[in-house]
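In what follows, a structure is listed as structure tokens, so that the remarks can point back to it.
The values are calculated or read from the model by the stated rules, or taken from the named source; none is laboratory data. Just so it is clear, the structure is predicted and the values come from calculations on it, not from any experiment. All Cβ positions, even for glycine, are placed from backbone atoms using ideal geometry, and neighbour counts span all protein chains on display. Note: areas computed on protein heavy atoms with side chains; ligands, DNA, RNA excluded. Shrake-Rupley method; radii C 1.70, N 1.55, O 1.52, S 1.80 Å.
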Amino acid sequence: MTIAPPTRALARLAWRELRHRRGRSVLVITLVAMPVAALVIAAVLNASNAGSPEDKRPLVMGGADAVVQFDRDDLANGDTVNAVLRRLPPGSRAVNVRERLALVPARDRDVIVGVTDLPLDDALVTGKITLLRGHPPIGAAEVAASPTALRDLGLRLGDTLVSRRLGLRARIAAEVIDPDDLHRAVIVTGAPLPAATSRAARLLVDLPPGNTTSAVARLRGPGREVKTAANCCPDERPALREVTLAVSGLALFVVGLVVAAAFAISARRHLRTIGLLSAAAGADERHIRRLALLQGTICGGAGVIAGFSVGLAIVKLFFEPHIDDLAGRVTGGVTLAPVELGLIAAMTIAATAAGAWSPGRTAARIPVLAALGGRRPLRAVPATVPIRALATSAIGTVLLAVGLNGGGPRGLTLIGAVLIVLGFVLCAPALVAVLERLASRAPGITRLAARDIARQRARTGPLVAAILAVASLAVLGSTLIVAVERSNVGLGEIRGDEVVLTASGVTGAPRGQADVPAQLRARPFSASAINRSTDRLLRARPWRRPACRARRGQRSPRRRRTLRSRDRRTPAARLPRRRGRTRRL
Amino acid sequence: MTPVLELRVVSRHYDDGAAAAVVALSSVSLSVSPGELVAVMGSSGSGKSTLLQLAGGLDRPSDGQVLVDGHDLADLSARALAALRRQRVGYVFQRLNLLASLTAVENVMLPLELDGIASRAARASAEAALAEAGLQGSTKRYPDDLSGGEQQRVAIARAVVGERALLLADEPTGALDTVAGEAILELLSARRDAGAAVVLVTHEPRFAGWADRVVFLRDGKIIDEAHAGRGSSTLASRP
């Protein structure tokens, strides 16, 4: 591919001009590199934390071909596990794993620990629990414990764990970790847990050769979920990628504004170059615009190189050694996320080029003689500018509100946020122009400063715009946080007479005012808790916050419903109330 | 012979809303033929630079017509005007002529490259123009490393490279000593001899002596013209 001679000449000039004006170039590259480094770090950590379905599969499935998971309803019916075992294909092997939460007394307090009877020496369990030290517990007299459990309980390897509630008195024979939750306090017993005390159970199934997982799929039923390699671990990376790119887009939009401000501020000295290019070399507006674009592209490219270098170096030096600790699980090391990084690089260069192109476009329109004299004509700010700015912000606010309430297409929230920032930015020329009117009433040096700012609004305008953009982003960010917190209030403030029910595997939202628990029980779902005394459900709404999931990697965000049950009301009062984002059942 | 530059009753006044407009040029008519060197003289504020800017298409006249190579500049779009400046008109300023970030040869080859000529061919032409200006050994030096006279010679090389028919020089010797000034005039004279039309704005009579014709401006009007042969005496009689 050959580069056209004009482009080659302009690229040379752009590169040399950047080298010639080192101060400005370093400033611009630094302004680009800093957010890029932060975005690179965020993207890499995000991707490392998300993990691929292949990474997560052993954590959920162990070495099994399928996992049949029972909720409490099934456990209440003692025959269910045995019934399922009888329906497995001939030649199958299954390991029955029970789990529960228990309060175990420590020296000064009770500690909540997860208790499981995973047989650590069984191949089907491989990957679910990792043995760090000692040997797999044998019989009722031995248990294994995670470092967090040992720390919380004040015990060490070889000590004896005593729990009356669990009916347990056992020596700690091993130190283990749950690779999916390194900070989890977990105790693995050497003997099976009694079914009556278990809160959940699962069968890890090894199918005989020739049997496909469809052979166990028919075991799905109310209160019983069947997981196979195909459906055990939904890929959360696309959703995380969208978030990363949305945040990156917004941040780089501001970077573009800041770059535009930096280029505009130094444009006065640059004007003489533009004048010479036009008068002596016969450059037209296209050439000037292309020169600005190339300068922005080069700065963006340099900013990307610098930002990526710094970001990746920080990840390597400071985050990689602690990546598992930070993620709270075994991540398998740092994942570079090439798609996200590639898009961040592309967006950065585009934002920087656009940021440089904008003042270049303005400069290209300046008459040659004014440019040669380094003069930039001062034009009045059109009266429609503030109106357009307010209208843009208002439209952005509406879109943001609709997006936050789950309406409209995907990305509406981002578009709304961008429009709000854009509206603020559009206000900048008008704000600066107002200073000129106010200047005459200001005393002495203030008048001088105000008038100087107003008269040089070609330079100060983009700077004020950049400041407004950053300020609006801060306001926007805090608004979003408040909005998200308000939407999460249901789980954040659970009263004593309430329980939270998290359901997954529900096909479609339960609707109508019928007995919702019955509806939910009629479908395969797993519940983290339910108020057995009432079974009353008053509110339900879509739930999206991954951090609140009871068990990581087991539920699809789209299929989740969080329900709240309250039992001290009249039947009429138990009907759903519409409040905020609450959805009527 | 068809003139390369023709100004037909050209006026330029600046009206920025004040009660009285500033008249920079008033009903000026002038034509310059190929192979002719015309010097424009006058005191400060007489309209010399305005005349040159109108001739180079850097400014638009308030009234009248400016024709370069037969093209009325008023009829040309901004892009066509830029192309005309790139291909047919060379411009030399008094100072700060060159792009400081480009070497001498890169400054000279820039108009050719912007015109779409391949870099190698453009470089060859630029080096030839610099050699003609006596700067064979300075092609890779940056403007900051060149003396004032050398910078002007690079600017002239840039103004003549390609097939420029019209060379406009706005006090090119203003910031130079006598020897360097003479060298610049020799170069302009050589371009004239090569067939280019040259318009030289100067306020120094000794440099105007190189011209085939001298035009005197005062308050935006041409008040006199002197032709070669009697230029010296005419100039001597001027204040």
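Looking across the range A:46-66, the residues that are touching a helix residue (DSSP H, G or I) at 6+ places or on another chain (Cβ under 6 Å), closer than 28 Å to A:R100 by Cβ and open to solvent by less than 20 Å² (accessible area, probe 1.4 Å) come down to A:G62, A:A64, A:A66.
Remark: pairs (first residue in the range A:1-24, more than 9 Å from chain B (Cβ to nearest Cβ) and closer than 18 Å to B:N107 by Cβ; second residue buried (at least 20 other Cβ atoms within 10 Å of the Cβ) and not charged (D, E, K, R); Cβ separation under 7 Å; 6+ apart in sequence or on different chains) = A:A11/A:L294; A:A14/A:L291; A:A14/A:L294; A:A14/A:Q295; A:A14/A:I298. Condition check for B:R86 on (1) modelled with pLDDT under 90; (2) basic (K, R); (3) under 27 Å from B:S147 (Cβ atoms): one failure, at (3).
Does the range A:121-140 hold any residues that are among the hydrophobic types (A, V, I, L, M, F, W, C) and either assigned to a strand (DSSP E or B) or open to solvent by 40 Å² or more (accessible area, probe 1.4 Å) (or both), and which are they? Passing the criteria: A:A123, A:L131, A:L132, A:I138, A:A140.
Put simply, of A:A229, A:A264, A:A280 the only residue that is crowded, with 24+ Cβ neighbours inside 10 Å, at negative phi and modelled with pLDDT under 80 is A:A264. Beta carbons closer than 7 Å, at least 6 apart along the sequence or on distinct chains, pair a first residue in the range A:168-181 that is surrounded by 20 or more Cβ atoms within 10 Å (Cβ to Cβ) with a second that is among the polar types (S, T, N, Q) and at pLDDT 90 or above for A:V176/A:S146; A:I177/A:S146; A:D178/A:S146.
Taking the range A:141-163 as the range and being open to solvent by 10 Å² or more (accessible area, probe 1.4 Å), within 11 Å of A:A174 (Cβ to Cβ) and in a strand (DSSP E or B) as the test, only A:E142 passes. When B:D219, B:D177 are checked against the criterion of being at pLDDT below 85, surrounded by fewer than 19 Cβ atoms within 10 Å (Cβ to Cβ) and over 18 Å from B:S33 (Cα atoms), a single residue qualifies: B:D177. Of the residues making up the range B:106-121, those that are under 12 Å from B:G162 (Cβ atoms) and at the interface with another protein chain (Cβ under 7 Å from one of its Cβ atoms) are B:L110, B:P111, B:E113, B:L114, B:G116, B:I117. Restricting attention to the range A:385-405, and to residues there that are at pLDDT 85 or above and open to solvent by less than 30 Å² (accessible area, probe 1.4 Å), which single residue is farthest from A:P429 (Cα to Cα)? Looking at residues that are at pLDDT 85 or above and open to solvent by less than 30 Å² (accessible area, probe 1.4 Å), I get A:G396.
The set of residues from the range B:54-72 being closer than 27 Å to B:V154 by Cα and either in contact with a Phe, Trp or Tyr (Cβ under 9 Å, 6 or more places away or on another chain) or free of Cβ contacts under 8 Å to residues at least 60 places away in the same chain (or both) comprises B:L54, B:G56, B:G57, B:L58, B:D59.
Looking at the range A:264-379, the helices (runs of 4 or more DSSP H) lying wholly inside it that each contain 2 or more residues that are within 38 Å of the chain's Cα centre (by Cα) and not polar (S, T, N, Q) sit at A:285-314, A:323-327, A:338-364. Is at least one residue of the range B:91-114 in contact with a strand residue (DSSP E or B) (Cβ under 7 Å, 6 or more places away or on another chain) and either more than 30 Å from A:R21 (Cβ to Cβ) or among the hydrophobic types (A, V, I, L, M, F, W, C) (or both)? The answer is yes, given that some residue of the range B:91-114 is in contact with a strand residue (DSSP E or B) (Cβ under 7 Å, 6 or more places away or on another chain) and either more than 30 Å from A:R21 (Cβ to Cβ) or among the hydrophobic types (A, V, I, L, M, F, W, C) (or both). The set of residues in the range A:7-45 that are closer than 30 Å to B:D144 by Cβ and open to solvent by less than 30 Å² (accessible area, probe 1.4 Å) comprises A:A9, A:L10, A:L13, A:A14, A:E17, A:L18, A:R24, A:S25, A:V28, A:V32, A:A33.
Scanning the range B:88-105 for residues that are open to solvent by 30 Å² or more (accessible area, probe 1.4 Å) and either touching a Pro at 6+ places or on another chain (Cβ under 7 Å) or more than 8 Å from chain A (Cβ to nearest Cβ) (or both) yields B:R88, B:Q94, B:R95, B:A100.
Considering (1) basic (K, R); (2) open to solvent by 20 Å² or more (accessible area, probe 1.4 Å); (3) within 8 Å of chain A (Cβ to nearest Cβ), the lone condition that B:R85 does not fulfil carries the number (2).
Please state which one of B:R191, B:R206 is within 23 Å of B:L7 (Cβ to Cβ) and without any contact (Cβ under 8 Å) to a residue 60 or more places away in the chain.
Only one candidate passes the filter, namely B:R191.
Taking first residues from the range A:355-368 that are surrounded by 24 or more Cβ atoms within 10 Å (Cβ to Cβ) and partners that are part of a helix (DSSP H, G or I) and β-branched (V, I, T), the Cβ contacts under 7 Å between residues at least 6 apart in sequence or on separate chains come to A:G355/A:V259; A:A356/A:V259; A:G360/A:I288; A:A363/A:I274; A:A363/A:I288.
Filtering the range A:315-340 to residues that are modelled with pLDDT of 90 or more and touching a helix residue (DSSP H, G or I) at 6+ places or on another chain (Cβ under 6 Å) leaves only A:V315.
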